[in-house]
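Structure, as structure tokens:
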Amino acid sequence: MSRLTAFITLALAALMTVLTGLCRDLRVVYNTGRLYWYTLLGLNFMLRFAVISALLMVLLAACGGGEDDPEGFTRATATFEPGASTVDILFPQNGTVIYAEAVTVSGRLVGQPQQFTVQVVDLDENILVESTLDEQPGDWLVEMIHGYSGDPSELEIRAISAGEAAEIFDRANVLISDVSNRPAGAFGTVVLPAAGDMLGGDMIPVEGRASGATENTLTVELVREDGRMVDTRIVTLNNPYLIDEVPWQVELDRREADGPATLTVYTDDPSGEGRIELAVIEVELAEAAG
């Protein structure tokens with residue numbers, strides 16, 4: 001209810017109260033016919049009017065509360081505590097291998113505007129690179145040159161609150177390596193399922209890793225022994241520099257197929273001719289997993 005609506009409702013209720021009292025007093029004056037009742041009637045009316053007016057002002061202030069918007073809807077009130085925020089790291093994912101000279105870290109801020117720092121830290125807690133962001137709620141992204149050149153090493157990417165008492169919002173564990181250690185071209189592997197696994201159920205989860213895929217796109221297909229297609233899915237990788245090795249996952253529909261089958265992961269050849277197979281494994285399809 002808007003403030004104007006509340007005021008009108010209360011004013012009408014007060015007016016009805018005053019008029020009801022006035023009619024009762026007039027009836028008394030009419031029945032008695034005494035002059036001094038007219039004086040008492042006037043004083044009574046003035047007193048009632050003053051009391052009701054004061055009451056209206058108090059009730060109006062209590063009903064006002066917060067200011068309404070132009071459409072008459074009550075303004076929303078924040079349900080989180082002042083300063084409460086969460087910062088999530090969405091990329092890179094755990095297990096990513098960074099070969100590029102830069103690292104792009106992206107995520108999401110939920111809550112209030114927040115200043116926070118993104119750090120790349122080695123096992124000895126040495127900070128390779130860091131960047132402080134001042135973000136509004138929503139998606140955020142930062143690109144940093146890490147300057148690492150050496151053998152593969154474990155790193156932790158952190159999002160921490162700004163200030164002396166730093167709180168870790170989120171973290172991701174990755175590997176970093178000089179690009180000279182990277183295999184040439186496009187490559188990848190299937191982590192789940194393993195070769196020879198018996199796969200059942202309606203949907204088959206498939207997980208793997210890939211690097212250098214053409215336009216960051218993979219095709220995962222499951223084919224029966226007789227050549228009939230069971231299912232095929234397109235996977236789009238989140239890999240800004242193409243050369244990093246990133247995790248991926250997808251689900252294939254078994255479509256009640258059973259017997260031997262081949263699981264193939266490939267990417268298109270950049271020349272536009274044929275495809276580059278990254279992983280091929282043989283599995284067994286069944287009603288229920290073994």
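The values are calculated or read from the model by the stated rules, or taken from the named source; none is laboratory data. No experiment lies behind these values; they were computed from the predicted model shown. Here Cβ is always computed from backbone atoms with ideal geometry, including for glycine, and neighbour counts include all displayed protein chains.
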request  = Kindly list the number of the only condition in (1) within 25 Å of I89 (Cα to Cα); (2) touching a Gly at 6+ places or on another chain (Cβ under 7 Å) that fails for D244.
outcome  = (2)
query = If we scan region 244-253, do we find a residue that is at pLDDT 95 or above and assigned to a loop (DSSP other than H, G, I, E, B)?
reply = yes
Any hit, region 174-183, residues being under 30 Å from S131 (Cβ atoms), acidic (D, E) and touching a residue at least 24 places away in the same chain (Cβ under 8 Å) = yes
task = Scan region 96-116 for residues that are more than 14 Å from the chain's Cα centre (by Cα) and either buried (at least 22 other Cβ atoms within 10 Å of the Cβ) or not in a strand (DSSP E or B) (or both) and jot them down.
result = T96, I98, Y99, A100, E101, V103, V105, P113, Q114, F116
message = Can you pull out every residue in region 197-230 that is hydrophobic (A, V, I, L, M, F, W, C) and either outside any strand (DSSP E or B) or exposed (fewer than 15 other Cβ atoms within 10 Å of the Cβ) (or both)?
response = M198, M203, A213, M229
query = Does at least one position in region 118-140 carry a residue that is touching a residue at least 12 places away in the same chain (Cβ under 8 Å), part of a strand (DSSP E or B), among the small types (G, A, S) and surrounded by fewer than 12 Cβ atoms within 10 Å (Cβ to Cβ)?
reply = yes
query = If you go through region 144-196, how many residues are within 30 Å of D269 (Cβ to Cβ), in a loop (DSSP other than H, G, I, E, B) and out of contact with any Gly (no Cβ under 7 Å at 6 or more places or on another chain)?
reply = 9
remark   = Of (1) closer than 25 Å to A213 by Cα; (2) without any contact (Cβ under 8 Å) to a residue 24 or more places away in the chain, E167 fails just (1)
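So that you can scan it fast, the table gives a plain yes or no per residue for (1) touching a strand residue (DSSP E or B) at 6+ places or on another chain (Cβ under 7 Å); (2) surrounded by 14 or more Cβ atoms within 10 Å (Cβ to Cβ); (3) among the acidic types (D, E):
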{"site": "V142", "(1), (2), (3)": "yes, yes, no"}
{"site": "G150", "(1), (2), (3)": "no, no, no"}
{"site": "I157", "(1), (2), (3)": "yes, yes, no"}
{"site": "G163", "(1), (2), (3)": "no, no, no"}
{"site": "S177", "(1), (2), (3)": "yes, yes, no"}
{"site": "N181", "(1), (2), (3)": "no, no, no"}
{"site": "A195", "(1), (2), (3)": "yes, no, no"}
inquiry  = Just the residues that are more than 19 Å from G163 (Cα to Cα), modelled with pLDDT of 95 or more and of a type in the set (D, E), please, taken from region 85-140.
reply    = E101, D139
ask   = Residues of region 244-287 being in contact with a Ser or Thr (Cβ under 8 Å, 6 or more places away or on another chain), surrounded by fewer than 15 Cβ atoms within 10 Å (Cβ to Cβ) and over 12 Å from L199 (Cβ atoms), which ones?
value = D269, P270, R275, E277, V280
